[in-house]
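Asker: Okay, here's the structure, questions in a sec.
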Amino acid sequence: MPSATSQSRPPVRVGLVGYGSAGRGIHARLIASAGLEVAVVVTGNPERVAQVHEDHPEARVVGDLEALLAGGGVDVVVLASPSGVHREQAETVIRAGLPLVVDKPLATDARLALEVVQLAERAGVPLTVFNNRRFDPELPALLRVRDEGLVGEIWRAEYRWDRWRPVPKQRWREKVTALEGGGLLLDLHTHLVDQAVILHGPVLSVYAEIDARTTVAEDDTFVALRHESGVVSHVWSSSVNGAPGPRARVNGSEGAYVIGKQFDDVSAFMEFANEGDAVGWIVRGDEREPGPVVTDADEADFYRAVAAALASEDPRSAMPVDPRDAVHVLAVIDAARVSAGEGRIVEVVTPR
């Protein structure tokens, strides 16, 4: 139960930049679920303005980031804008001295991301990155499989996020180049690589195969990661896979762990869909048993952690995701682009 102090404390006021599929469909929903207040929304789209008034009638709507910063009334800014403008907008918010949440990716490459992190450090501004998938049931289950030795010594792991979209959606993400923030490497791979690093440690080198089949930037990708731990993880993401999934397959000395699908994902591996609160399956040949039971994972916990950090004595270090983690993830993605272009294994060099 919340303490009397937390009950009497006014909700954290959020300035949300962007009200599209990410801003409205993910951030605003989780912000409200976590008990924070959507106080100001930045959007110039008339349809989205109407949606804000319908969803959050008390919220103020402004046309740009500068108006949000000039108007005040927020405790933290959340950037749910297109990826290509994250770095510029983040630097603007940091210079204004406001705590900041940036949807992944933090920038379009590791060098630019490091510049944002260093600016926030010099300014003493709390900064975190919206890796919300750390807070859904998948990662806690995978951590238990690893830590409890449920498949023995882990040798190789596969993490996928596939879709079947032979006709691409007409969004900015499908219409712009990778330099402008488009493509799957800066979208789904930021989640998958982040998960692989948490589970198996920093990445030493990569080999990648990347194609753009229906969109301007890549929509069909494979990246092999060699971790410092010795584990090799294969990370796949495709918008044109007619047989999507499985979401995860972890192979070890005493069996394998398989997650066929998560939530509303389409999957060709429905026989490995979650059963009740059990996430995935432990598989040994033709025998299998339900995976770990996870009942306390909620993506809204990301924003609960942001609120707790802002109320703490050291908000910068208490933020839920260290932004330097995002720099390493982008360094992996940068190396993957070089690997795919040159057809060779590439060392990952994370700028510091």
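Asker: By how many degrees, 0 to 90 and rounded to 10, does the Cα axis of helix 323-342 deviate from the longest principal axis of the chain?
Answerer: For helix 323-342, the angle is close to 50 degrees.
Asker: At 0.36 nm per residue, and after removing the present C-alpha to C-alpha distance, how many nm does the segment from TRP172 to ASP64 gain when stretched out fully?
Answerer: Additional length available on full extension: 37.1 nm.
Asker: Hey, what's the chain come to in accessible area per residue, 1.4 Å probe, Å²?
Answerer: For the chain, the per-residue accessible area is 44 Å².
Asker: Okay, next question. Which ³J(HN,Hα) values in Hz, rounded to whole numbers, follow from the phi angles of the stretch 139-148 under the Karplus curve 6.51 cos²θ - 1.76 cosθ + 1.60, where θ = phi - 60° and Gly and Pro get x?
Answerer: Ordered by residue, 3J(HN,Hα) equals 5, x, 5, 5, 5, 5, 4, 5, 6, 9 Hz.
Asker: Let me have the 222 nm mean residue ellipticity of the chain computed from DSSP H runs of 4+ only, each contributing -39500 (n - 2.57), with the sum over all residues rounded to the nearest 500.
Answerer: -9000 deg cm²/dmol
Asker: When a/c is below 1.5 the answer is rounded, else prolate if a/b is larger than b/c, else oblate, so apply that to the stretch 23-173 with a ≥ b ≥ c taken from the square roots of the Cα gyration tensor eigenvalues.
Answerer: Here the stretch 23-173 falls in the prolate category.
Asker: If the chain were replaced by its equivalent ellipsoid, with semi-axes equal to the square roots of 5 times the Cα gyration tensor eigenvalues, what would those be, largest first, whole Å?
Answerer: 33, 24, 20
Asker: Let me check I've understood the local charge: for ASP296, count other residues with C-beta under 14 angstrom from its C-beta, Lys and Arg +1, Asp and Glu -1. What total comes out?
Answerer: Net local charge, ASP296 excluded: -3.
Asker: Work through the residues other than ASP75 whose Cβ is under 15 Å from its Cβ and net out their charges, Lys, Arg +1 and Asp, Glu -1.
Answerer: +4
Asker: What distance in nm separates the simple spin-label points at VAL338 and VAL293, each placed 7 Å from Cα in the Cβ direction?
Answerer: 4.8 nm
Asker: Would you mind checking which residues have amide H under 5 Å from LEU204's amide H? H placed 1.01 Å from N; only 5 or more apart, or other chain.
Answerer: ARG226, HIS227, GLU228
Asker: What is the Rg over Rh value, at two decimals, for the stretch 298-352, using alpha-carbon atoms and the Kirkwood definition of Rh?
Answerer: 1.23
Asker: If you average the sequence gap of Cα pairs under 8 Å that are 6 or more apart and divide by the length of the chain, what percent do you get for the contact order?
Answerer: It comes to 18 percent, rounded to a whole number.
Asker: Same structure, new question: Against the longest principal axis of the chain, how steep is helix 110-123, in degrees 0 to 90 to the nearest 10, with axes from Cα atoms?
Answerer: Value to nearest ten degrees: 40.
Asker: Counting only residues 5 or more places away or on other chains, whose amide H sits under 5 Å from the amide H of ARG160 once H atoms are built in the peptide plane?
Answerer: Here the answer is TRP236, ALA248, since their amide H atoms fall under 5 Å of that of ARG160.
Asker: Quick one: Karplus J couplings for the stretch 281-293, per residue in order, coefficients 6.51, -1.76, 1.60, θ = phi - 60°, nearest Hz, x for Gly and Pro?
Answerer: These are the phi-based 3J(HN,Hα) values: 9, 8, 10, 9, x, 8, 10, 8, 9, x, x, x, 8 Hz.
Asker: Using a basic spin-label model with each label point 7 Å from the Cα along Cα→Cβ, how many nm lie between ASP286 and GLU54?
Answerer: Result: 5.4 nm between the two label points.
Asker: Averaging sequence separations of C-alpha pairs under 8 Å and six or more residues apart, then dividing by the length of the stretch 64-192, give the relative contact order as a whole percent.
Answerer: The normalised contact order for the stretch 64-192 reaches 25 percent.
Asker: What's the carbon and sulfur percent of the stretch 33-104's accessible surface, probe 1.4 angstrom, rounded to a whole number?
Answerer: 45 percent
Asker: Could you please state how large a percent of the accessible area of the stretch 219-274 is carbon and sulfur, counting protein chains only and using a 1.4 Å probe?
Answerer: Its accessible area is 52 percent carbon and sulfur atoms.
Asker: Within the stretch 244-337, report the GluC sites (Glu not before Pro) that DSSP leaves as loop and that have at most 16 other Cβ atoms within 10 Å.
Answerer: For GluC sites (Glu not before Pro) across the stretch 244-337 that sit outside H, G, I, E and B with at most 16 neighbouring Cβ atoms in 10 Å, the list reads GLU254, GLU313.
Asker: Full-extension gain between ALA243 and ALA268, please, as 0.36 nm times their residue separation minus the C-alpha to C-alpha distance.
Answerer: 8.5 nm
Asker: Put TRP281, TRP236 in order of accessible area, largest first, 1.4 Å probe: what do you get?
Answerer: Order by accessible area, largest first: TRP236, TRP281.
The values are calculated or read from the model by the stated rules, or taken from the named source; none is laboratory data. Keep in mind the model is a prediction, meaning the values are calculated, not measured. Here the Cβ is made from the backbone with ideal geometry for all residues, glycine too, and neighbour counts use every protein chain on show. Heavy atoms of the whole protein, side chains included, go into the accessibility calculation; ligands, DNA and RNA do not. Shrake-Rupley method; radii C 1.70, N 1.55, O 1.52, S 1.80 Å.
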